[in-house]
């Protein structure tokens, strides 16, 4: 049986809503949308984009907490964590989002024990905030606040393979370093085009069904697209 490290994205993967966007939409100056456009059109990297957006937040900690309290996770994710723990597999949340938001939401579901690597949200005044990027990499190809590609490389060792679970552009780089991918949304098409071994999932109910086959070595294939992307349990 192969040993695996699982790296799992948060916003849009574990969380149904994007926590960072929820905070910006509620509490940031509208200029955050200009930065978002600049990032989407490739004029700035995500680190510069998010640092600028966080600086536009105008909210107290209590208001931030109230907004986060309304955000939900995939209802099957806690059961997936239980299945992973029972199999002796390590799972880490890796995100280009905000650590404060992620930890707050996970705590509400009794999942505060999960290790989280994400950008650090720092309060600088009663209603002001800044971003720190402890997982940035000067050589990051897409100038992310959290270089998930580097995190995927570090998760490898001679005894373990890396499974990435993700959904969007911030996961593209890490997918190239992973041994296998459970892909949602935009990440599915990226894996197809880049010939990355993957299966498509709708959510963690699918991931639970796929986990035994992954651990038994039935899903790990050479770096090519699986003929059957969706495997039923």
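Worth a mention:
- Only one of the numbered conditions (1) over 13 Å from residue 24 (Cβ atoms); (2) assigned to a helix (DSSP H, G or I) is not met by residue 34, and that is (1).
- Residue check for residue 32: without any contact (Cβ under 8 Å) to a residue 12 or more places away in the chain, touching a helix residue (DSSP H, G or I) at 6+ places or on another chain (Cβ under 7 Å), buried (at least 18 other Cβ atoms within 10 Å of the Cβ) and on the phi < 0 side of the Ramachandran plot: no
- Number of the condition not met by residue 85 [criteria: (1) surrounded by fewer than 22 Cβ atoms within 10 Å (Cβ to Cβ); (2) more than 18 Å from residue 169 (Cα to Cα); (3) touching a residue at least 60 places away in the same chain (Cβ under 8 Å)]: (3)
- Candidates 52, 97 - the one that is closer than 23 Å to residue 32 by Cα and not assigned by TED's automatic domain parsing to the domain that holds residue 165: 52
- Boolean, residue 97 is touching a residue at least 40 places away in the same chain (Cβ under 8 Å), surrounded by 21 or more Cβ atoms within 10 Å (Cβ to Cβ) and within 24 Å of residue 200 (Cα to Cα): yes
- Residue that is nearest to the chain's Cα centre (by Cα), among those in segment 141-168 that are without any contact (Cβ under 8 Å) to a residue 24 or more places away in the chain and assigned to a helix (DSSP H, G or I): 150
The values are calculated or read from the model by the stated rules, or taken from the named source; none is laboratory data. Computed from a prediction, not measured in an experiment: that's the story for all the values here. FYI the Cβ positions are ideal-geometry reconstructions off the backbone, even for glycines, and counts take in every protein chain you see.
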